[in-house]
Every structure is written in C-alpha cells, then in structure tokens.
Amino acid sequence: MLLWINGPFGGGKTQTAYELRRRLPGSVVCDPEHIGFGLHRTLPPALRGDFQDLRAWRRGVHEVLDLALREHGHGPVIVPMTLTDPGYFAEIVGRLRADHGADRVCHVALLAERETVLRRLAERGLGRGLKRESFAVAKLDECLDRLAAPEFAHHLRTDRLTVPAAADRVAELAGLRPEPNTDGPLRHRLRRIRVGLSHLRFD
C-alpha cells in the first residue's frame with residue numbers, strides 16, 4: 001500500500017509519517033520534497049519558484065512512487081507531502097490509483113484550526129517564532145481551504161490528537177494495524193525532536 005499523508009505546512013505530516021514507519025514493520029518513508037529540492041538546486045536562484053509547478057517534479061514523483069509501490073514488498077510506502085492543487089493531485093495520486101487500484105493508494109489530509117497550526121509552526125521555529133516559517137504561514141489559509149474539499153478526503157482533525165494518536169487514526173483509515181505505542185512522554189518528545197532536526201534545511 002501507498003499511504004499519502006497530506007496537510008498544511010506544519011500540520012504534522014512528517015512526524016506522523018515517521019511514527020507510522022516506527023510502528024509498521026517493513027514500511028518506508030518516501031519524501032517527494034527531496035525531488036523538488038534537487039530540481040531547485042539545478043536551477044538559477046531567480047528561477048526557483050514552487051517546484052510543484054514543474055512538470056518534471058510531478059512526473060518524477062509519480063515515477064518514483066510507482067516504482068516503490070511495485071517493488072517494495074516489505075510494507076507500506078508512506079508519503080508525507082503537502083499537495084493542494086486538484087489538478088496536480090489527480091496527476092500524481094489519481095494516476096497512481098488508476099495504475100494500482102484505489103485500495104492500494106490511500107490518502108489522508110491532516111487538518112487543524114489555523115491557531116493550532118500556527119502554534120506548531122512557532123514551536124519548530126528554532127527560537128525565531130514564525131519568521132523562519134514565513135512561507136508556511138503565507139500558504140496556510142489556502143492550504144486549509146483547499147484540503148477541506150471532498151477530493152482530498154479522508155480528512156482527519158488533529159487539534160486534540162498527539163502524534164501517536166494521529167498515527168493510529170491514519171492507520172485505521174488506511175486499514176493498517178501498527179504495533180502498539182510503548183513510548184513514555186520523554187522518549188516521545190526526544191523522538192519528535194530528532195525527526196524535526198533531521199528535516200531542517202538551511203539552503
């Protein structure tokens with residue numbers, strides 16, 4: 001199965017994805033952002049717009065995920081990625097569903113109130129508050145509005161959910177059974193910090 005975890009920037013996609021990878025034996029996280037970052041680095045800075053607008057990104061993401069879904073036979077392929085354009089969604093997720101069947105490609109959009117997402121963005125701002133997350137803040141209202149549309153179901157409200165609880169609900173929607181969460185509060189906090197640090201970018 002391929003499990004696409006959508007949501008606004010700062011909505012908890014990556015933390016939820018890595019919680020699921022930890023508790024679903026054989027699963028793997030495939031992050032389409034890395035393809036976008038690579039494309040950006042091949043372009044002059046003045047041409048680095050939204051990499052999702054590049055046809056090469058959309059085709060590349062489909063090709064990579066198609067390969068992973070066909071050849072990774074050990075567990076779910078988990079994809080944490082914000083994708084709010086309905087056309088691009090159909091081009092990637094819709095095409096994967098057409099190729100592999102809707103039962104093998106599950107999509108869940110993590111949603112929350114604006115204030116909840118802003119608080120989460122501030123927490124990951126490395127002491128700079130929301131200044132470091134200016135792009136995410138600028139896109140927040142558009143993301144929340146678009147992802148509430150029916151084509152982006154399943155929808156999961158996460159305002160009152162911890163990361164492990166969100167992972168449990170996502171797994172339930174996908175028909176998966178993760179191993180029980182045995183982390184205490186301290187270990188859970190340390191895991192979140194480690195995942196957050198491993199995804200910092202400075203370029």
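The values are calculated or read from the model by the stated rules, or taken from the named source; none is laboratory data. Everything quoted here is computed from the prediction, not taken from an experiment. Counting neighbours? That spans all protein chains shown, and the Cβs are built from the backbone with ideal geometry, glycine included. Just so you know, the surface numbers come from the protein's heavy atoms only, side chains and all, with ligands and any DNA or RNA stripped out. Shrake-Rupley method; radii C 1.70, N 1.55, O 1.52, S 1.80 Å.
A compact table of results
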{"quantity": "Heavy-atom surface of the chain, accessible at 1.4 Å and reported per residue (Å²)", "calculated": "54"}
{"quantity": "Extension gain, Val64 back to Glu113 (0.36 nm per residue minus Cα-Cα distance, nm)", "calculated": "14.4 nm"}
{"quantity": "Listed candidates (1) 49, 40, 29; (2) 49, 34, 29; (3) 43, 40, 30 - label of the one calculated as Cα extents along the principal axes in Å", "calculated": "(3)"}
{"quantity": "Contour minus Cα-Cα distance for Leu43 and Arg55 (0.36 nm per residue)", "calculated": "2.9 nm"}
{"quantity": "Size of electric dipole in the chain: Cβ of Lys, Arg +1 and of Asp, Glu -1, about Cα centre, debye, nearest 20", "calculated": "740"}
{"quantity": "Relative contact order for the chain, counting Cα pairs under 8 Å that sit 6 or more residues apart, in percent", "calculated": "33"}
{"quantity": "Stretchable slack from His34 to Glu123, in nm (0.36 nm times residue separation minus alpha-carbon distance)", "calculated": "29.7 nm"}
{"quantity": "Two-site FRET efficiency, Ser198 against Ala98, from Cβ-Cβ distance with R₀ of 25 Å, rounded to 0.05", "calculated": "0.15"}
{"quantity": "The range 55-163: trypsin sites (Lys or Arg not before Pro) in DSSP coil with no more than 13 other Cβ atoms inside 10 Å", "calculated": "Arg128, Arg160"}
{"quantity": "Table column - 3J(HN,Hα) (Hz), the range 14-31, Karplus curve with 6.51, -1.76, 1.60, x for Gly and Pro", "calculated": "5, 4, 5, 4, 6, 5, 5, 4, 5, 10, 10, x, x, 6, 9, 9, 10, 9"}
